[in-house]
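The block underneath contains the structure these notes are about, expressed in structure tokens.
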Amino acid sequence: ETGVTQSPTHLIKTRGQQVTLRCSSQSGHNTVSWYQQALGQGPQFIFQYYREEENGRGNFPPRFSGLQFPNYSSELNVNALELDDSALYLCASSLGPVYANTGELFFGEGSRLTVL
Amino acid sequence: EDKVVQSPLSLVVHEGDTVTLNCSYEVTNFRSLLWYKQEKKAPTFLFMLTSSGIEKKSGRLSSILDKKELFSILNITATQTGDSAVYLCAAGQNAGNMLTFGGGTRLMVKP
């Protein structure tokens, strides 16, 4: 158990809909990173939030957006869902951005999104 | 473009066998190479390597990094059914805040 919690664990949406995924970071962690893991592939970096601001973004379109709240929890929003958005969405927290590519990055169990 | 490639894609062995998983990387401003075990959902951290030639060990698992040839290996000796999982390697960069993951190696250990 890493102390990083995500909700919902599973959800099914249809193409064109919008989805919001939530993440509570480990106590004391102020940085949240989001990754998308398609079936049979490794996780891909979506973006990171630090002190309520986006602090780096991977190769994802603007319909992927996020928020971080004062308590450091975070949301990932995806608009205009496409079939290829079906994946496991992993949230990870760290003590700060410099720890986000070290062994001090802790993953949640993920939210599995299916788009029909 | 930064790239991490793992081989083999999948592997089936019997309990007691020794396995070697491979990871090669091409990452600008390389800082670290990490190994994770993913059984169901959350990847769990195994090792972080930053220096060439220094083996890290944890029980039956060990790993080493070669920064000249840009690869790392993860060895598992005396495999057990509980070792069945996807093993992910990832590279981190200096002044970076993300990990670049490989596609993973799926290991199945049969009794």
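In the set (1) part of a loop (DSSP other than H, G, I, E, B); (2) without any contact (Cβ under 8 Å) to a residue 60 or more places away in the chain, the condition left unmet by residue B:65 is number (1). Looking only at segment B:32-80, count every residue that is within 24 Å of residue B:1 (Cα to Cα), among the basic types (Lys, Arg) and surrounded by 14 or more Cβ atoms within 10 Å (Cβ to Cβ) and tell me the total. Going through segment B:32-80 one residue at a time, the tally reaches 1.
Residues checked against (1) in a strand (DSSP E or B); (2) under 10 Å from the mean Cα position of the chain (by Cα); (3) within 28 Å of residue A:87 (Cβ to Cβ):
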site	(1), (2), (3)
B:1	no, no, yes
B:23	yes, yes, yes
B:32	yes, no, yes
B:52	no, no, no
B:57	yes, no, no
B:69	no, no, no
B:75	yes, yes, no
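The strands (runs of 3 or more DSSP E) found wholly in segment A:44-114 and carrying at least 1 residues that are in contact with a strand residue (DSSP E or B) (Cβ under 8 Å, 6 or more places away or on another chain) and surrounded by 20 or more Cβ atoms within 10 Å (Cβ to Cβ) occupy A:44-50, A:64-68, A:74-78, A:87-94.
Residues A:48, A:37: which one is in contact (Cβ under 8 Å) with a residue 40 or more places away in the chain, farther than 19 Å from residue B:38 by Cα and within 9 Å of chain B (Cβ to nearest Cβ)?
Values: A:37 fails: farther than 19 Å from residue B:38 by Cα.
One residue alone meets the criteria, A:48.
The residues of segment B:11-31 that are surrounded by 15 or more Cβ atoms within 10 Å (Cβ to Cβ), more than 19 Å from residue B:78 (Cβ to Cβ) and modelled with pLDDT of 95 or more, listed by number, are B:22, B:23, B:24, B:25. Total residues in segment A:1-20 satisfying the condition of being under 12 Å from the mean Cα position of the chain (by Cα), within 11 Å of chain B (Cβ to nearest Cβ) and part of a strand (DSSP E or B): the figure is 2. In the set (1) more than 21 Å from residue B:103 (Cβ to Cβ); (2) in a loop (DSSP other than H, G, I, E, B); (3) in contact with a strand residue (DSSP E or B) (Cβ under 9 Å, 6 or more places away or on another chain), residue A:23 fails one condition alone, (2).
The values are calculated or read from the model by the stated rules, or taken from the named source; none is laboratory data. Here the structure is a predicted model, which means the values were calculated and not measured. Cβ sites come from the backbone with ideal geometry, for glycine too, and all protein chains shown count toward neighbours.
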